[in-house]
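We did not get these values from a lab; they are worked out from the coordinates using the rules stated. These numbers come from a predicted model, not from an experiment. Cβ: placed from backbone, ideal geometry, glycine included. Neighbour counts: every protein chain shown.
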Amino acid sequence: MVSAGDNIGASPLISAYFHDEPTIKALSMMGFDFSAVCNHELDKGLDELMRIQYSGCHPDGCLGNSSFEGAHFQYLAANIVNNTTKSLVFPAYAVTYVQGVPIGFIGIALESTPMTISKFAVKELKFLNETGTINKYVKEPKDNKGVKIIVVLIHNGGCSQDGGCSPDRESLNNTQLDHNDSNSRHISDVVNNTDCSVAVFITDHTHQTYNELVDGAM
């Protein structure tokens with residue numbers, strides 16, 4: 001069970017009122033393994049997302065009689081770097097075994113995240129190019145972990161089944177984009193420039209439904 005992100009943030013009142021803790025608990029109970037970090041995960045900044053991942057009480061106080069236990073699944077973010085430490089804020093990838101076969105999952109955030117949420121929330125973070133980051137990390141799990149299949153969880157997506165694309169609605173609310181901007185880029189552009197050893201891309205963000213085979217990748 002994996003997610004391409006936006007599990008929390010911009011959420012219904014019943015979840016937001018409780019700082020999205022019930023949502024994370026529900027996903028954990030469902031058996032989620034990994035999720036990409038996405039723009040709405042960072043609506044309230046990195047410190048709050050760290051709390052969601054690793055546990056602790058919200059600054060407003062604990063809900064109920066105990067501290068929030070954190071997500072039982074791992075957030076992955078290969079292209080989010082702390083500007084001060086120059087290190088990744090979450091693991092770039094993780095490996096799990098499915099019927100004895102090692103599968104590698106790489107998490108990729110939307111490169112233009114600072115354009116889709118408050119810049120103050122991510123002021124200490126740098127978002128690296130999606131395609132370049134995927135290509136950087138494809139080889140490592142295969143060489144070091146014996147991974148046979150690579151899956152990319154990427155918070156970027158397409159706009160239609162036939163490959164056409166226009167700027168997504170979240171980006172249009174924040175900025176004027178030209179066709180070459182990363183916000184308006186169809187996911188096929190990312191796939192076509194990514195190492196061919198990636199077998200599957202699980203995508204998100206554009207609120208559209210599609211199922212495509214692009215350059216040999218699903």
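Of the conditions (1) more than 19 Å from the chain's Cα centre (by Cα); (2) assigned to a helix (DSSP H, G or I); (3) buried (at least 16 other Cβ atoms within 10 Å of the Cβ), PHE18 clears all except one; give me its number.
Tallying (1) more than 19 Å from the chain's Cα centre (by Cα); (2) assigned to a helix (DSSP H, G or I); (3) buried (at least 16 other Cβ atoms within 10 Å of the Cβ), PHE18 fails exactly one: (2).
For PHE32, indicate whether it is assigned to a loop (DSSP other than H, G, I, E, B), under 28 Å from ASN135 (Cβ atoms) and of a type in the set (Phe, Trp, Tyr).
yes
Take the residues in the stretch 78-109 that are in a loop (DSSP other than H, G, I, E, B) and among the polar types (S, T, N, Q); name whichever of them is nearest to GLY5 (Cα to Cα).
In this case the residue turns out to be ASN79.
For the stretch 120-139, give me the residue count where each residue is of a type outside the set (Asp, Glu) and either in a helix (DSSP H, G or I) or at positive phi (or both).
Within the stretch 120-139, residues that are of a type outside the set (Asp, Glu) and either in a helix (DSSP H, G or I) or at positive phi (or both) number 12.
Mind telling me which of the residues LYS123, LYS136, LYS148, LYS142 ends up being closer than 28 Å to ARG51 by Cβ and surrounded by fewer than 22 Cβ atoms within 10 Å (Cβ to Cβ)?
Being closer than 28 Å to ARG51 by Cβ and surrounded by fewer than 22 Cβ atoms within 10 Å (Cβ to Cβ) holds for just one of LYS123, LYS136, LYS148, LYS142, which is LYS123.
Looking at the stretch 53-99 only, could you name the residues that are hydrophobic (A, V, I, L, M, F, W, C) and under 25 Å from MET29 (Cβ atoms)?
Start the filter on the stretch 53-99 by keeping residues that are hydrophobic (A, V, I, L, M, F, W, C), which leaves 57, 62-63, 68, 71, 73, 76-78, 80-81, 88-90, 92, 94-95, 98.
Across the stretch 53-99, the qualifying residues are CYS57, CYS62, LEU63, PHE68, ALA71, PHE73, LEU76, ALA77, PHE90, ALA94, VAL95, VAL98.
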